[in-house]
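Inspection log for the structure reproduced underneath, given as structure tokens.
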Amino acid sequence: MDLSKTLTIYGRKPVLEALNDPSLAPQRLHLADSNKPGGIVSQIETVAKNRDISIAYHDRLALSRISKNGKQDQGVALDLFCPNYSTLEDLLSHLAQHPAKRFRGLLLEGITNPRNVGMIIRSGCAAGIDAIFYPKKSVAALGPLVIKASVGTAFRAPIIFCDDALSCVKSLQSADIRVAVMDSHAEQSLFDEQNRANTVFVLGGETEGASDSIKNAANLSLRIPMENGVESLNVAVTAALISFLG
């Protein structure tokens, strides 16, 4: 099982919905051996058996290590194969061997609201963004709330996992990929930016935006022009504008 392409979801209803979705590729169902028989747990087991998905039984502590959320997993977790997932290292290796004519990506930094993260994933996926860089630190976990807000696109999106945003920026730049930070005080407009070279756009946190370290490291800063005294847009709206930019 390729862990870089595996997403583990948890909770009885989300797991049952995923099992019933023929477009998804479940790999293994995990159940707590303390679950009471009958009800939705029996439905989950039946669907998994009908789809010939392997089932593993664990004690509660072992299951909580798998779900990474023992308080909310309800004794159920499911490993899903997500073919578009990758690591930063694997993506850069692929690009070195197969240079992209035009590479566009989004890098999340400090976005802690799961709804915003989910909507960003949905917009990026819908627009055909090549990569959504997802740091392990400072961003809402890729869990049920993010998945719900993404309306299921989180399973299909090109999500690239990285350790942290700053090291990701430096790695991208070493691969000749520009990094643009969104900054309301920037002189250059997003819509006037004529150089359509390989670019990854940084989307900063809901309150403070991108960190100073990211701003200092970026190749360029861009703003979205505002009228009528509006100071800023929701980060998910900004992501949609960037994603569908020609």
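The values are calculated or read from the model by the stated rules, or taken from the named source; none is laboratory data. What you see is a predicted model; the values in this text were computed from it and never measured. Cβ sites come from the backbone with ideal geometry, for glycine too, and all protein chains shown count toward neighbours. Calculation scope for accessible area: heavy atoms of the full protein, side chains included, ligands and nucleic acids excluded. Shrake-Rupley method; radii C 1.70, N 1.55, O 1.52, S 1.80 Å.
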| said: For a quick check of your reading of the model, give me the residue pairs whose first member lies in the stretch 150-173 and is under 15 Å from D130 (Cα atoms), whose second is assigned to a strand (DSSP E or B) and aromatic (F, W, Y), with beta-carbon atoms closer than 9 Å and at least 6 apart or on different chains. | reply: I159/F133; I159/Y134; I160/F133; I160/Y134; F161/F133; F161/Y134; L172/F133
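Of all residues in the stretch 177-186, count the ones that are surrounded by 21 or more Cβ atoms within 10 Å (Cβ to Cβ) and not in a loop (DSSP other than H, G, I, E, B). Before the answer, list the steps.
Initially, the stretch 177-186 is screened for residues surrounded by 21 or more Cβ atoms within 10 Å (Cβ to Cβ), giving 177, 179-182.
In the following step, the residues that additionally are not in a loop (DSSP other than H, G, I, E, B) were identified as 179-182.
Residues meeting the conditions: 4.
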| task | Determine if the stretch 33-52 includes at least one residue that is open to solvent by less than 40 Å² (accessible area, probe 1.4 Å) and under 19 Å from L3 (Cβ atoms). | result | no
| task | For residues that are of a type in the set (V, I, T) and part of a loop (DSSP other than H, G, I, E, B), scanning just the stretch 207-246, find the one that is modelled with the highest pLDDT. | result | I224
| message | Given the options S138, S174, S123, name the one that is under 23 Å from T207 (Cα atoms) and open to solvent by 50 Å² or more (accessible area, probe 1.4 Å). | response | S138
| request: Answer yes or no: is there a residue in the stretch 62-78 that is over 30 Å from G105 (Cα atoms), open to solvent by less than 40 Å² (accessible area, probe 1.4 Å), of a type in the set (D, E) and not in a strand (DSSP E or B). | output: yes
| message | Suppose we filter the stretch 111-136 for residues that are within 13 Å of the chain's Cα centre (by Cα), outside any helix (DSSP H, G or I) and not hydrophobic (A, V, I, L, M, F, W, C); how many remain? | response | 6
| Given the conditions (1) more than 22 Å from E17 (Cβ to Cβ); (2) open to solvent by less than 20 Å² (accessible area, probe 1.4 Å); (3) in contact with a Leu (Cβ under 8 Å, 6 or more places away or on another chain), and given that E109 satisfies all but one, which numbered condition is not satisfied? | (2)
| said: Can you go through P26, P14 and tell me which one is within 22 Å of L145 (Cβ to Cβ) and in contact (Cβ under 8 Å) with a residue 60 or more places away in the chain? | reply: P14
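If you take the residues of the stretch 187-206 that are under 18 Å from N234 (Cα atoms) and in a loop (DSSP other than H, G, I, E, B), which of them is modelled with the lowest pLDDT?
Here is the first cut: in the stretch 187-206, the ones under 18 Å from N234 (Cα atoms) are 189-191, 201-206.
Filter again for in a loop (DSSP other than H, G, I, E, B), leaving 204, 206.
Values: G204: 92, E206: 84.
Across the stretch 187-206, the extreme among qualifying residues is E206.
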| query | Which residues, taken from the stretch 174-186, are closer than 20 Å to N234 by Cα and either without any contact (Cβ under 8 Å) to a residue 12 or more places away in the chain or among the small types (G, A, S) (or both)? | reply | A180, S184, A186
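For (1) within 16 Å of G75 (Cα to Cα); (2) modelled with pLDDT under 95; (3) touching a Gly at 6+ places or on another chain (Cβ under 8 Å), each residue gets a yes or a no:
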site: L7; (1), (2), (3): no, yes, no
site: K13; (1), (2), (3): yes, yes, no
site: S23; (1), (2), (3): no, yes, no
site: G38; (1), (2), (3): yes, yes, no
site: Q43; (1), (2), (3): yes, no, no
